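Participant: Below is the structure I would like to discuss, written out as structure tokens.
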Amino acid sequence: MSDTANLTPFELLARYERLSLAHAQDVQDRMEAPGLWRGIGYRVGSRLFVSAIDEINELLAVPVLTPVPLTQPWLLGVANVRGNLVPVIDFNRFLFGERTQPTERTRLLIVRQGGGSVALMVDEVFGQRTVDEEQRRESIAEDDPRLTRFVGDRVVVGEQRLGVFSMNRLVRAPDFRQAAA
């Protein structure tokens, strides 16, 4: 016979609450454990990346864009994000020279840079990823010369091999900062 069979409804709910809180604390302890690194995973073209969670301020659906003349082809225009004009970059075109074909999964990653924010259009965002010390030890160096200045290592998380992309390096890159044609 189950140990819950003789409990009143109130006692049963209290038991469920205790179990839930214990589970939540265990998950929280694991998320804050030393050696864990958290990031946001996303896809640009056929490549999968993860960037530190503190480097990405916000995720948005693609709003209406206003084109800006005489700029690089990867600068799609500006968007009004809560009253602030934010430049929108076709991230695939900047990195690989290929246009992003927007779909219902296309998103903007809002990243801070000196003097404001910039939005990077990516093909898809697949959420938070956690990388532990073992995954870091087993990482391999980035081999695509177009990416080595931004991606240090590639780690395996689950079934995915993710390039660890530094948004801080990106926003400091001279060619990224020079959007005028």
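Participant: Listed residues Val27, Val88; which is modelled with pLDDT under 95 and either over 13 Å from the mean Cα position of the chain (by Cα) or among the acidic types (Asp, Glu) (or both)?
Facilitator: Val27
Participant: In this structure, does Ala141 turn out to be under 19 Å from Val44 (Cα atoms) and among the aliphatic types (A, V, I, L, M)?
Facilitator: Criteria met by Ala141.
Participant: Right, next: Out of segment 36-69, which residues are among the β-branched types (Val, Ile, Thr) and outside any loop (DSSP other than H, G, I, E, B)? Don't jump to the end; show me each part of the working.
Facilitator: Let us first name the residues in segment 36-69 that are among the β-branched types (Val, Ile, Thr), namely 40, 44, 50, 53, 56, 62, 64, 66, 68.
Passing the criteria: Ile40, Val44, Val50, Ile53, Thr66.
Participant: Here are some conditions: (1) in contact with a Gly (Cβ under 6 Å, 6 or more places away or on another chain); (2) modelled with pLDDT of 95 or more. Val122 meets all but one. Which one does it not meet?
Facilitator: (1)
Participant: Among the residues of segment 129-153, write down those that are of a type in the set (Val, Ile, Thr) and in contact (Cβ under 8 Å) with a residue 60 or more places away in the chain.
Facilitator: Scanning segment 129-153 gives Thr130, Val131, Val151.
The values are calculated or read from the model by the stated rules, or taken from the named source; none is laboratory data. Note that this is a predicted model, so its numbers are computed, not measured. With ideal geometry, Cβ positions are generated from the backbone for all residues, glycine too; neighbour counts draw on all protein chains shown.
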